[in-house]
Each structure stands twice: as structure tokens, then as C-alpha cells.
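Have a look at the structure below, then the notes.
The values are calculated or read from the model by the stated rules, or taken from the named source; none is laboratory data. What you see is a predicted model; the values in this text were computed from it and never measured. Heads up, the Cβs are rebuilt from the backbone with ideal geometry, glycines too, and the neighbour counts pull from every protein chain shown. Accessible surface areas use protein heavy atoms only, side chains included; no ligands, DNA or RNA. Shrake-Rupley method; radii C 1.70, N 1.55, O 1.52, S 1.80 Å.
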Amino acid sequence: MTLRLGSTAPDFKAQTTKGDIQFHDFIGDKWTVLFSHPADFTPVCTTELGLVAALQDEWDARNVNVIGLSANGLAEHEKWIADINEISNVQLNFPIIADDDRHVSKLYDMLDNQDATNVDNKGIAFTIRSVFIIDPKKVIRLILSYPASTGRNFDEILRVIDSLQLGDKYRITTPGNWKKGDDVIVHPSVSTEEAQKIFPKGVKVVKPYLRLTPSPF
């Protein structure tokens, strides 16, 4: 099954560093970020997981669960977490899926089809750096795929979550390079007359198709 924006996130059972999970139960009524890592004890992944752990207050403020995945077993994960905590001076508290059989990686099409060196000692492909943002209805709202060689920008992932959550609550979209607090765009489905009623902070008409209003945040 090809996963697209708007697809229901596939459910699965998995072992994690926080116990066994059923993924849809883990999501519950929260937003969720599922992100994959090629393997344990690799340099780029180690820095990424430290960054995500350091952002725990930001995830909590947005009602977001984060869950990592790496193509190794639980024993390796636990040893690796100790390294991550030491290197980044954090306490990593979110679960990491043990996907040594690549079950979840295949389900979400996260295996590397580009880098011939990104394989285990049996020649089985590791994952690329995939990111899925999933809403409380279990709908996939964002898909990102980074090569194994490039670490992710988690500030960008937070920015997208802010945009999605704001757009779900208000009839707005967000412009390029938008960040929390910046002006937003009135949704094209809203007339200027209606916008002036529902956005009490005012509406700036740049063009008939481009109307700005101060952020509702």
C-alpha cells in the first residue's frame, strides 16, 4: 500500500524501549511523530535523538507523542540510549521501536533504496531518515524522507506541527518560512467580507487571493 498525505497510518504491534505497543493505541488522542533511524550507534542518529529528547517540553506543549525506530534489537537500543543521554546531556524518555526484522520499516516504506552501503552485515537494507506526522484521527499529515547521510531539522518539524494545528482550528494557511507568531494567510475558501468578521485582529488585502491576518496564537 502506498502511503500518501491523508492515508490512515497503518497500525502495528511492536516492541519498544518502553514496552510493547499497539501503534494506534499509542497515538491515542495526540499528534504523533514517527521517525526512523538506519541503525544504533551511528553518529548522525545519535545527534538527532539527543535533539529530540532535548525538545521534550516543546512536544508536550503541542500534545505530541514522539516515537523513534531503529533497525536493531532492544538490548542494543538500551545501550545506545545511555550513550545518547551522556553525549547530549539529556534524559531520553520517549520509546524507540526495535525493528530488527524491518516489519514496520517495510509497512511504512522506509527502507533505503539508494545507498548501497546503508545495509546490515547480512546485506539487508537499513532505513532512510523518514518522518511521519500523524494527527489524533490517525491520518498522515506530513511525510519527509531524508538520505541517511543528512540529519533532520527538528525545528522545521515543530514548525509544521504548529501550522497544521493552527490550520485545523482556524480557517487559515501559512506562508513560506512562516513561524509561530507570524502573520497567517486567510484560507481561499473564506471571502474577504467573512474574513473581516471572523478575524477580529484585522485583514490586510495584498491581492484578492492573498489576504493576511495576525496569527491567532
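In table form, for the structure just shown:
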quantity	calculated
Carbon plus sulfur fraction of accessible area for the chain, probe 1.4 Å, in percent	50
Residue of 190, 44, 139 that the Gaussian network model of the chain assigns the largest fluctuation, springs spanning Cα pairs under 10 Å	190
For a label point 7 Å along the Cα-to-beta-carbon line of residue 2, residues of the stretch 134-178 with backbone N under 20 Å	139-146
Overall Cα dimensions of the chain, principal axis frame, Å, largest first	63, 39, 32
Value of [θ]222 nm, deg cm²/dmol, for the chain, DSSP H segments ≥ 4, -39500 (n - 2.57) each, nearest 500	-8500 deg cm²/dmol
Positive minus negative residues near residue 140 (Lys, Arg vs Asp, Glu; Cβ under 15 Å)	+1
Within the chain, percent of DSSP bridges classed antiparallel, to nearest 5	70
Net charge of neighbours whose Cβ lies under 14 Å from the Cβ of residue 95, counting Lys and Arg as +1 and Asp and Glu as -1	-1
Cα centre as origin, Lys/Arg/Asp/Glu Cβ charges: the chain dipole, Debye	1120
Spin-label pair residue 189/residue 79, simplified geometry with 7 Å Cα→Cβ offset, distance in nm	5.3
Listed residues 131, 90, 203, most fluctuating in the chain (Gaussian network, C-alpha, under 10 Å)	203
Accessible area (Å², per residue) of the chain, counting only protein heavy atoms and a probe of 1.4 Å	52
Charge dipole (the chain, unit charges on Cβ, about Cα centre) - positive-most of 70, 91, 34	34
